[in-house]
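Student: Quick one: the structure is below, questions incoming.
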Amino acid sequence: MTGVVACAAPPPTLGDFGTAQIEVGEQRLTVAVAETSSQRSQGLRGVGALPVGIDGMLFAFGEPATTTFGMRDTLIALEIWWFDGEGRLLGSADMEPCSATPCTGYASPGEIAWALETPSGELHFAPGDTLRVIEVSAPS
């Protein structure tokens, strides 16, 4: 399955997204969760800064898929971390904000079950780290 995560939409309020407690390697994080197609398309587009207590956004795919992420109308530099169906880190990329058309696409390095976006340079994960979802909460 191939998908593209990109479209124009009004800026989100992160209250429209559920949250989750996750672990990646030894680090515990609180993240917004994009589970539906429209939430994944919206992502962090239009967000100037993450709210206090939110470390990033987790994109959850129902079935492993190869996908491409875009940064159109995204205001902050992000790092994306790709995880397979077993939660193993497959790779990462630095993504720069883009207001031009076309924007650079950031393709996953294979089929992924999760992608985690975090502000660039704030977190560091190592090859072999795994992602584990601990608790999920519904949107507020």
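Student: Would you mind telling me which numbered condition in (1) surrounded by 14 or more Cβ atoms within 10 Å (Cβ to Cβ); (2) β-branched (Val, Ile, Thr); (3) modelled with pLDDT under 95 Thr36 fails?
Tutor: (1)
Student: Across the stretch 52-79, which residue is nearest to the chain's Cα centre (by Cα) among those that are surrounded by 15 or more Cβ atoms within 10 Å (Cβ to Cβ) and charged (D, E, K, R)?
Tutor: Glu79
Student: Okay, next question. Count, please, the residues in the stretch 78-92 that happen to be of a type outside the set (Ser, Thr, Tyr), under 18 Å from Asp55 (Cα atoms) and free of Cβ contacts under 8 Å to residues at least 40 places away in the same chain.
Tutor: Summing the residues that are of a type outside the set (Ser, Thr, Tyr), under 18 Å from Asp55 (Cα atoms) and free of Cβ contacts under 8 Å to residues at least 40 places away in the same chain in the stretch 78-92 gives 2.
Student: Here are some residues: Ala32, Ala49. Which one is over 14 Å from the mean Cα position of the chain (by Cα), small (Gly, Ala, Ser) and under 21 Å from Ala20 (Cβ atoms)?
Tutor: So the residue among Ala32, Ala49 that is over 14 Å from the mean Cα position of the chain (by Cα), small (Gly, Ala, Ser) and under 21 Å from Ala20 (Cβ atoms) is Ala49.
Student: In addition: Residues Leu89, Leu116: which one is at pLDDT 95 or above and touching a Pro at 6+ places or on another chain (Cβ under 7 Å)?
Tutor: Of the residues listed, the single one that is at pLDDT 95 or above and touching a Pro at 6+ places or on another chain (Cβ under 7 Å) is Leu89.
Student: Which of the residues that make up the stretch 80-110 are in a loop (DSSP other than H, G, I, E, B), more than 15 Å from the chain's Cα centre (by Cα) and surrounded by 14 or more Cβ atoms within 10 Å (Cβ to Cβ)?
Tutor: Cys103, Thr104
Student: Could we say that Val133 is surrounded by 15 or more Cβ atoms within 10 Å (Cβ to Cβ), within 13 Å of the chain's Cα centre (by Cα), modelled with pLDDT of 90 or more and under 24 Å from Asp16 (Cα atoms) here?
Tutor: no
Student: Just the residues that are in a strand (DSSP E or B) and within 18 Å of Glu26 (Cα to Cα), please, taken from the stretch 115-140.
Tutor: Residues satisfying the conditions are Ala115, Leu116, Glu117, Thr118, Thr130, Leu131, Arg132, Val133, Ile134, Glu135.
Student: Let me ask something additional. Filter the stretch 119-140 down to residues that are out of contact with any strand residue (DSSP E or B) (no Cβ under 8 Å at 6 or more places or on another chain) and hydroxyl-bearing (Ser, Thr, Tyr), then give me how many there are.
Tutor: Total meeting the criteria: 1.
The values are calculated or read from the model by the stated rules, or taken from the named source; none is laboratory data. Being a predicted model, the structure only gives us computed values, none of them experimental. Please note: Cβ atoms are built from the backbone with ideal geometry, for glycine as well, and neighbour counts cover all protein chains shown.
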